[in-house]
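For reference, the structure I am asking about is given below.
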Amino acid sequence: MQLIDKTALITGAAGGIGRAIAERYAREGARVAVADLDLTAAEATVQQIGDAGGEAMALAMDVTDEAAVEAGVAAMVERWGGLDIAIANAGIQHIAPLHALSFTDWRKVMSVHLDGAFLLTSAALRQMYRQERGGCLLYMGSVHSKLASPLKAPYVAAKHALLGLCRSVAKEGAAHRVRANVICPGFVRTPLVDRQIPEQAEALGISEEAVIRDVMLKDTVDGEFTTLEDIAEVALHLAAFPSAALTGQSVVASHGWYMQ
Ligand code: NAD
């Protein structure tokens, strides 16, 4: 087990990629705070982790609400005495061409990804700087941290910006033994992706099968989706990595869709 005696807080961990990482971390011995807008779903994830022999706690948290993020970090530190790994994972998507995108929708997507990442970073760093052992920040970027697709401007802009935030944390955090890295998945079948298949089909005037084959997976080397297990594995590797040789980096896991 690679994360024994570690504590982790993962936002957006009630479902999708965040839940897969939470379950994997718990199997590796970490105590995991499952933070999400959806408390009922977060509690179900915690129950599942507990049933499998792991330890977790649920936190009701809107990542765009500073008080909620502060309170969530404080609650897990109070219960477990520290915070070793913080993952800014919560995210949403909005499909629209730029000329028809409202300022409200722009701000909503930017806020969940970027304000959410900042607020978690801020709260986590203040705790990690107090700890002799430092800590590890992970950001859920995307292949869209590296390239753009049509109809996703605020998402693409926010995911690119996470690279800058991560590099800033890597520079400032090094003196406090804090590392920061970005995970950049290709398409993974989660509710976030399943929702956008019909939306993109409608916006592009093509079938859902064509969206998957000719848009989402067109540039992969093998036409395959990236899996939840793939991303959990990368998140484990980055969290367990023993030195600051790996900091300020972005790891792309996308079946070759994007090669850096
Ligand atoms: P998902 O929709 O399955 O899960 C997202 C979770 O975030 C949900 O549990 C939701 O309740 C929660 N959430 C949404 N807004 C929140 C908020 N304001 N505060 C707290 N929690 C909130 O999505 P997913 O596919 O698992 O995506 C997770 C992350 O991975 C996102 O940052 C997403 O951009 C990124 N990502 C996903 C893919 C993919 O193909 N699925 C690819 C690249 C990157």
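The values are calculated or read from the model by the stated rules, or taken from the named source; none is laboratory data. Since the structure is predicted, the reported quantities are computational estimates derived from the model, not experimental observations. Cβ: placed from backbone, ideal geometry, glycine included. Neighbour counts: every protein chain shown.
For region 98-135, which residues satisfy the criterion of being without any contact (Cβ under 8 Å) to a residue 40 or more places away in the chain and among the aliphatic types (A, V, I, L, M)?
Listed by number, the list holds a single entry, Ala100.
Another question, if that's okay. With assigned to a helix (DSSP H, G or I) and closer than 21 Å to Tyr258 by Cβ as the only criterion, which of Glu224, Glu199, Glu209, Glu229 stands out?
Answer to the selection: Glu229.
Yes/no per residue for (1) surrounded by fewer than 21 Cβ atoms within 10 Å (Cβ to Cβ); (2) under 24 Å from Gly29 (Cβ atoms); (3) free of Cβ contacts under 8 Å to residues at least 40 places away in the same chain; (4) not acidic (Asp, Glu):
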site	(1), (2), (3), (4)
Arg179	no, yes, no, yes
Pro191	yes, no, no, yes
Ile212	yes, no, yes, yes
Phe225	yes, no, yes, yes
Ala239	no, yes, no, yes
Ser243	yes, yes, yes, yes
Thr247	no, yes, no, yes
Val252	no, no, no, yes
Tyr258	yes, no, no, yes
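Please work out which one of (1) in a helix (DSSP H, G or I); (2) of a type outside the set (Val, Ile, Thr); (3) touching a Gly at 6+ places or on another chain (Cβ under 6 Å) is the condition Gln127 fails and give its number.
Every listed condition holds for Gln127 apart from (3).
Right, another one. So in region 37-66, with the set limited to residues that are closer than 16 Å to Ala123 by Cβ and near the ligand (Cβ under 10 Å from one of its atoms), which one is surrounded by the most Cβ atoms within 10 Å (Cβ to Cβ)?
Met61
Determine whether region 121-138 contains at least one residue that is under 27 Å from Asp219 (Cβ atoms) and within 16 Å of the ligand (Cβ to nearest atom).
yes
Within the group Leu125, Leu151, Leu162, which residue is on the phi > 0 side of the Ramachandran plot, surrounded by 20 or more Cβ atoms within 10 Å (Cβ to Cβ) and in contact with a strand residue (DSSP E or B) (Cβ under 8 Å, 6 or more places away or on another chain)?
Result: Leu151 is the single residue among Leu125, Leu151, Leu162 that is on the phi > 0 side of the Ramachandran plot, surrounded by 20 or more Cβ atoms within 10 Å (Cβ to Cβ) and in contact with a strand residue (DSSP E or B) (Cβ under 8 Å, 6 or more places away or on another chain).
Follow-up question, since we're still on this one. Any idea how many residues of region 21-34 are in contact (Cβ under 8 Å) with a residue 40 or more places away in the chain and over 11 Å from the mean Cα position of the chain (by Cα)?
Here is the first cut: in region 21-34, the residues in contact (Cβ under 8 Å) with a residue 40 or more places away in the chain are 21, 23-25, 28, 30-31, 33.
Going one step further and asking which of them are over 11 Å from the mean Cα position of the chain (by Cα), we end up with 23-25, 28, 30-31, 33.
The number of residues fulfilling the criteria is 7.
Here's something else I'd like to know. Of the conditions (1) under 22 Å from Cys184 (Cβ atoms); (2) away from the ligand (no atom under 11 Å from the Cβ); (3) modelled with pLDDT of 95 or more; (4) not acidic (Asp, Glu), Ile10 clears all except one; give me its number.
(2)
Separate question: Please indicate, with yes or no, whether at least one residue in region 143-157 is part of a strand (DSSP E or B) and either charged (D, E, K, R) or within 16 Å of the ligand (Cβ to nearest atom) (or both).
yes
Ok, one more. It is to be established whether one or more residues within region 82-99 are within 20 Å of Tyr129 (Cα to Cα), away from the ligand (no atom under 14 Å from the Cβ), crowded, with 24+ Cβ neighbours inside 10 Å and at pLDDT 95 or above.
yes
Can you confirm whether His144 is closer than 30 Å to Ser102 by Cβ and touching a Lys or Arg at 6+ places or on another chain (Cβ under 6 Å)?
Criteria met by His144.
Select from region 203-260 the residues that are of a type in the set (S, T, N, Q) and modelled with pLDDT of 95 or more and list them in ascending order.
Applying the first criterion (of a type in the set (S, T, N, Q)) to region 203-260 yields 207, 220, 226-227, 243, 247, 249-250, 254, 260.
Result: Ser207, Thr220, Thr226, Thr227, Ser243, Thr247, Gln249, Ser250, Ser254.
Moving on to the next point. Of all residues in region 76-112, which are farther than 25 Å from Ala240 by Cβ and under 22 Å from the mean Cα position of the chain (by Cα)?
Ile92, Gln93, His94, Ile95, Asp105, Trp106, Arg107, Lys108, Val109, Met110, Ser111, Val112
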